[in-house]
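Notes follow the structure.
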Amino acid sequence: MPQAPQSGESGWGEAPPSRRPEAAYEQTGAMSAQPYNEPDPRGNPRGNPRGNPHQPGPAPSHGPSHAPQPGPSPQPGPPPEHEPRRRAPGSRRRGSGGEQDATRSRSNQETMVSDGPRRARRSGGGPGGPAGPPGPPPPGDDRPKWRRFIPSWKIVVASFVVLAAGIFGMIAVAYANTPVPTQSQVQEGVKDQESIIYDVHGKELARLGTKRVLLELKQVPRAVQDAVIAAENDTFREDAGISFSGMVRSLYSTVSGEQVQGASTITQQMARAYYDGLSQERTIQRKVKEIFVAVKLNKQLDKETILEQYLNTIYFGRGAYGIGAAADAFFNKKVEKLTPEQGAYLAGRIQNPDAFDQAEKAGKLGSTEFRYDYVIGQMAKLDPQAYGGLAAKTPTAPKRIKYKPKDYFQGLRGYMVEAVLNELESRRISREDVDKGGFKIYSTLDPKLMRAAKAAVHQHTGSLNPEINAMLAAVNPTNGRILAFYGGDDYSKDAWNDAFLSQKQAASAFKPYVLAAWLDVGYSLRSWVPTKGPVKLPGTTPIDNDHSMKASAVDVVAATANSINTAYAKMGEKVGLDKVIDIASKAGLSEARLKDAESRHHFLITIGSSQVTAVEQAGGYSIFANGGKHFDNHVIIQVKDRSGKVMLTEDKTATQVISPEAAADAATALQAVVKSGTGRSAALYDRPTGGKTGTNNENKEAWYVGFTPQISTAVGMFRQECRTKGGKVVKPVNDTCPWARGKSKKYTPQNPYSSAFEVTLGEGFQGATYPAAIWRTFMTEATKGQKVIPLPTRADTGISEDLVPKPEPTSTPTPTADPENPDQGPDESCGFVDPCDEDSNVSVDPNENDFSDDSDEDNGFLGDRDGAGQATLPESSRPGRREQQ
């Protein structure tokens, strides 16, 4: 086993004084690793790697005793002194050809490299030789390590200067490129104002849209202005649009947890809320842009303009935008009437209006009082002389009105509002326009008469089947204004308005339009018309009367009073259906529905096959009370924009439908209906009226339409059952047929669980019964306090056009009206439950050319009958009320 040579032997190096002694051996051992028995390319023996022919190198050893042993790491210190390295005889200098030979030798042999420390290997003088002296150390640096990483103060200063210059340069460029907002860049909705609908007496009916009242700053009391400034930006009147102290204060309050005032100035808040391009997101980019805009706005606008726009824009809670709306929402006052304390309360809410709403709703007033104290304290600092005593005078926040969000679409009010909105829509003012426009909308509707209509309906239908529906409409004949209507009890439960939307066959209540056409072409009331039937007319099922009269002919007045079908069918044939349709459409009935009825039913239109609404009928009969003139039915008198300019008004143009003389004679015949005919149960005690009853086949629809010179009113009734597809009858829900069934997903509005089918009102139910009673009750209330004005007297114009020969005189006079005494009161023997006689009945399927026509019976009973013209129609084909979703 080879032994480590002793110090001083040839070919071995000594360990430097600064290193452990065995390092030299380790290095030499590492360097002596050679391939097995491979000849030295220089001709040296295998065992003399350094080229000394006289001294063999140590034999390779693989035993563990000769493995390099780890030793302690070298210690820092001064570089050791070494003896000059001796070069073996015959060896070559490094860097000459010998170096190349060594390289070639190493590339051709497998070398076993020692695992000794890398630094030890680097210290060797050459392959297989003793360790050489280490190289010179790097320049010394006695500074602590942490000091070595700190740059020179000159570098630091220079860096900061360059950085600051860059930042300020970027800020300058960004500021220069930030445009000043213009009025064309105002946010959508920032000037939106709610619109107000008024009733006919000028009282507020509803407010729709954004709660905002745009004001000029001079309308806002100075104390209220100061309260807002004290609460939000106490340096507003002096600052440049931004507040550095406010930013610092906001940072401190955020850290400390007491957020009493935001960093944004009033100018910044106004810019963010008023102009486009500044969102509410919390980003540095948005904040920087907001600051630039605020500074520029502060230069462009005066403080008064900025504050005015701010006070009209900011949200205060309770849905109120702007100080004007807030004054009304919290104190039911105009802004001019606000006290300093009330102004302080409102100013305090700006910080977080929704949170204050929730807290106050829950009865938690601590935050309200804290904020109020803060604001009045700030006001005292702002102007001690003016506001120094507020804290002592009013230590607690002023009392507010109770907050009750109003639902303007409940009850009768909902129907009124919807009627107004529908008319505005027809005149190209959309609901969106209403919500934003700040309009003042003056309607024709009278809440008192609306309630009277509802009361009259309930009084006479309360004990009836709930499937029975009633509708009522009242119109002023002199201008077409709809005064009141009844289309349901509660809009929020049933939005279908029967008075405007339910289209039902007019039955004999259509005959006055035939009468108007007869008189307008020049025929007189003295003309004789037939009472016998059936009457066969082209394209029409024979028309007959359900009862016979002794006389074969009567004059037009008697035919009207007793509602003779055959007489009116022949009168319609004489004047032509085109004339009848022209008169009826000019009086306000739907021309499309009239022509549809003519094409389907031909001459049956003369006895009421066309469908009408209550509003149309009320407006149509106004021509008999107003000298033949008709005004379009409407619910809007005028609309003003936010500046007070009238932008829409009612159409005061009248259509002369028939001549005044024809209107006077028609009114005479219709007064006879009330005096001695089918409408006696509708007569009023204190004034003359005219009217006409109407009942269709099987008593499915019943009407009474009547008028005075001041009011024309129509009442209609019908009944609908809710049936499933299997024919099961189910109860209506809120007066509508339910389309859903429990939680079942099988049914949809397009595939409903049940649908409406029109059925009979019941035996003995005609226009002279419940409809006439409702009309009389309503009109008694509606005409209270009104001056009694007589209807036009009989003009008796035109020629006598006898459609049948005049009958021979008999001992029993032909029933006719007494035109000289039209104001006859009701016959006490003829109540509405048991009328003296009834009118014609017609039922026509609007989709089939299949008809039925029955005349009135004096005993008040109407039922199905056999004979010509009797129609049997499937219930589903009847016109019915639309199901509500």
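Every read-out reported here was derived from the displayed coordinates using simple, explicitly stated rules and does not represent laboratory data. A quick note: this is a predicted structure, and the numbers were derived from the prediction, not measured. Note that we place each Cβ from the backbone using ideal geometry, even for glycine, and neighbour counts take in every protein chain shown.
Observations, loosely collected:
- Shown for the range 530-635 is the translational diffusion coefficient from the Stokes-Einstein equation, using the Kirkwood radius over Cα pairs, a temperature of 25 °C and a viscosity of 0.890 mPa s: 166 µm²/s.
- Each principal axis of the Cα cloud of the range 669-812 was taken in turn, and the coordinate range along them, longest first, works out to 69, 46, 27 Å.
- For the pair residue 780 and residue 458, the difference between a 0.36 nm per residue extended length and the Cα-Cα distance amounts to 114.4 nm.
- Computed lengthening from residue 359 to residue 391, 0.36 nm per intervening residue step minus Cα-Cα distance: 9.2 nm
- Here the extension length gained between residue 750 and residue 408 equals 120.2 nm, from 0.36 nm per residue of separation less the Cα-Cα distance.
- Pairwise Cα distances in the range 576-619 exceed 18 Å for 14 percent of all pairs.
- Exposure proxy order (Cβ contacts within 10 Å, fewest to most) of 472, 537: 537, 472
- Take every pair of alpha-carbon atoms less than 8 Å apart whose residues are at least six positions apart; their mean separation over the length of the range 338-496 yields a relative contact order of 19 percent.
- Each principal axis of the range 654-750 carries a Cα extent, and these read 62, 32, 25 Å when sorted largest first.
- Under 18 Å from the Cα of residue 728 - lysines, other chains or at least 8 residues apart: 746
- Separation of the range 514-528 and the range 720-759, taken as the distance between their Cα centroids, equals 47 angstrom.
- Relative contact order (percent, whole number), the range 639-690, Cα cutoff 8 Å, 6+ residue spacing: 22 percent
- Taking the range 633-761 and dividing mean pair separation by its residue count, relative contact order in percent (alpha carbons under 8 Å, at least six apart): 15 percent
- With neighbours defined as other Cβ atoms within 10 Å of a residue's Cβ, the residues 460, 601, 634 order from fewest to most as 634, 460, 601.
- FRET efficiency for the residue 163 to residue 642 pair, using the beta carbon distance and R₀ = 51 Å, is estimated at 0.45.
- The ranking of 518, 739, 703 by Cβ neighbour count inside 10 Å, starting from the fewest, reads 739, 518, 703.
- Calculated log₁₀ intensity ratio I(q)/I(0) where the Debye formula runs over C-alpha points of the range 563-721, q = 0.08, 0.17 Å⁻¹: -0.27, -1.10
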